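Read through the structure below, which is laid out as structure tokens, and then see the notes.
Any read-out appearing in this document is the output of simple, stated calculations on the displayed coordinates, not a laboratory observation. These numbers were taken from a predicted model, which means no experiment stands behind them. Positions of Cβ are backbone-derived with ideal geometry, glycine not excepted, and every protein chain shown enters the neighbour counts.
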């Protein structure tokens, strides 16, 4: 594969090359094993979701469905047997609202702390950093009481504002990094060319921030979509559940009888997250590869 | 408020092109995200320096005074954080000094009992058990995650492009799984009657695991839990450390090799010092995430585990507060938890500020 050893002494080269090949094969084999372990639960979830029940309730576990069925997905969508559809609606609503509101608020805040100098600037950024380390698990009881006080339990609005507060610190911190990365000189050059300050900002800086907005938006999406504890405590009424709480409820109810349907529900819940992960990851892998081949 | 469910982390390239060097990869983490900027340009003293920004933070020109504008821009974010973090935090503190149980929820006045709740918590054997359990769990999980994650990262540097891509995709899938979904799936794999784990152990390895229950016995429960958490956390550590490894200059590594340094020496003397700040940040985040683990524990208890013998701090707070209605006690436990987490987080905040000054 490589010709690195070509200039080394002949005998040394041969043993060196063999050793290197053995090592390369060994490493590749380990990589394959790790990949299998990594992927196995995902594969197991998906293949189970397509199995008919008689292939589940059996001591002869098979690693691939003998006959594919979509019945498990029908069960999940069947309104008389599961609350999946309303939960999906709630999740979509809460997630979209969270992402939109958090992005707007965080964008405003990140502009304030990067493009302006004012007295409480440093205090604000420091607070942001500290706030995101406060464990939500500790706050849950008083958050419940605060929402209860405003009759916001079991509402989309209540859950949304908690999620916005949850993702805001991170979003502000990250966007701040992106805005800092766009030199203000660019805007000034635009202003010399006759744009107004706002015009320069919207035409020059804003497009450069798009990747940052996408990245933080995806973060907010995954966060709100996966969130479990707050949703469990705050929106406990069946018709107000989000997907994670639905999945747990459904699992408790069917845990011994219908694992295939539970896996179908799990698959449906995981798909959007995996897609978003892959979208954003693409940029990371290109970064990784760029770093790796720079030599 | 920090994100309530832990350990969901997402990789994002905050790609920054810096001079002629390759794109610097930042890893963005949950809640806490930070960009770990690896210096493309070398070492400053022994610490990595962040790549210089377009405009240096200090003495930047063209920064606006703007009068009231920045304050106006901060209003929405400040308001929502005050109302949903600040106010609940104060409430939590007050509640921890009150007798606050079911009666108070229904309108009875809550008398101040000052430190009674704290005394009660700190003299309760169960609290210390939970605390010990949480720390033991975090220690084991952080150690496993860091060591295995770093090994995977080192492996990635030694692989050919194809195998590295395969491995990356595999890790990515594990990483992308929502923690709750992952727990439910692992719960199914470890199912007593029809789980694939018992089947494989019995049929392929000739062990008698037919009908074996994995979750009833606490130690076995925590083994499965550790498997779930470590499985989900390794990708983050591996990707982040790998991104750092690619920034270690090849010349230095080659020079060390020519000087006869062994593999472990090269890691200890060159790679580790180079990546020290990355290791530190990842380590602290893992400690915090594993200490406050909630979703996986709670969901696994739902699949089959004895709650009293397997609860960790996060679950215990919810159990005492919302389960038993002892809000005052739960408040005291929560305040203690916040203090512990903040004490650990100080290092993270300091490190973050070093990397990226205000």
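For chain A, the relative contact order works out to 27 percent when only alpha carbon pairs closer than 8 Å and six or more residues apart are counted. Summarised in one figure, the compactness ratio Rg/Rh of the range B:147-291, Cα atoms and Kirkwood Rh, is 1.08.
Sorting A:167, A:234 by the number of Cβ atoms found within 10 Å of their own Cβ, with the fewest placed first, yields A:234, A:167. Both radii are taken from the alpha-carbon atoms of chain A; with Rh as the Kirkwood radius, Rg/Rh is 1.10. P(r) tail for the protein assembly as shown: Cα pairs beyond 49 Å make up 15% of the total.
Once every Cα of the range B:163-207 carries one equal point scatterer and solvent is ignored, give the base-10 log of I(q)/I(0) from the Debye formula at q = 0.19, 0.33 Å⁻¹, two decimals. Those come out to -0.73, -0.99, one per q. Neighbour counting of Cβ atoms within 10 Å sorts the residues B:289, A:246, B:128, fewest neighbours leading, into B:128, A:246, B:289.
For each of A:248, B:125, count neighbouring Cβ atoms within 10 Å of the residue's Cβ, then give the residues from fewest to most.
Result, fewest neighbours first: B:125, A:248.
Contact order for the range B:100-355, expressed relative to its length and based on alpha carbon pairs under 8 Å spaced 6+ residues apart, stands at 30 percent.
Partner shielding of A:124-132 amounts to 6, given as the average count of beta-carbon atoms from other chains within 10 Å of each residue beta-carbon.
Averaging 1/r over every pair of different alpha carbons in the range B:100-355 and inverting the result gives a Kirkwood radius of 21.1 Å. The relative contact order of the range A:82-254 comes to 42 percent, based on Cα pairs under 8 Å that sit 6 or more residues apart.
Once the Cα gyration tensor of the range B:202-351 is diagonalised, what are the square roots of 5 times its eigenvalues, in whole Å and ordered largest first, as equivalent ellipsoid semi-axes?
The equivalent ellipsoid of the range B:202-351 has semi-axes of 39, 26, 10 Å.
Volume per residue for the range B:248-333 equals 142 cubic angstrom (convex hull of Cα atoms).
To one decimal place, what Kirkwood hydrodynamic radius in Å is obtained for the range A:89-129 from all pairs of distinct Cα atoms? Hydrodynamic radius (Kirkwood, Cα pairs) of the range A:89-129 is 11.7 Å. On the basis of the beta-carbon distance and an R0 of 30 Å, residue A:237 and residue B:342 show a calculated FRET efficiency of 0.30.
With the convex hull constructed from alpha-carbon coordinates only, the range A:82-254 shows a mean projected area of 11.7 nm² over all directions.
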